[in-house]
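Heads up: the structure comes next, in structure tokens.
Values in this text are rule-based calculations from the coordinates and carry no lab data. Note that the structure is a prediction, hence the values are computed from the model and not measured. Virtual Cβ from ideal backbone geometry, glycine too; neighbours counted across all protein chains shown.
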Amino acid sequence: MSMEPYESRDRDRDDRKGGKDKDKAKARKRGFARRKVCRFCADKNVGIDYKDPQTLKYFITDRGKIIPRRISGNCAKHQRKVGVAIKRARMIALMPFTVTGK
């Protein structure tokens, strides 16, 4: 038995969907994203302190959630320290757990 009928069917299906060229176009469309650098590794003078809510506010959303490291650009070590600092600041009421409703 020949596999030709199936091969032609597959080729027709690829033609209808646009084939593999469409997938390549999507991959190229994304572009180049600049690698985020951990601000604490870059500047050794900047410390993570739970008593400094001005520094920690950059790592929480407007709703009070902690921003993940893939968004903030922190390394794993400093993201853990930021998380602990935010939780400590919340416990002594320097930072809110959530936003107040309207």
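Overview of results
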quantity	calculated
Förster radius 35 Å - calculated FRET efficiency between VAL99 and ALA76, Cβ distance, rounded to 0.05	0.80
Lys, Arg +1 and Asp, Glu -1 on Cβ, resulting dipole of segment 33-102 about Cα centre, debye, nearest 20	320 debye
Point-to-point label distance, ARG88-ILE66, nm (Cα→Cβ direction, 7 Å offset)	1.3 nm
Amide proton proximity set for ILE60, modelled H, under 5 Å, gap of 5+	ILE67
Segment 39-91: relative contact order as a whole-number percent, Cα under 8 Å and 6+ apart	42 percent
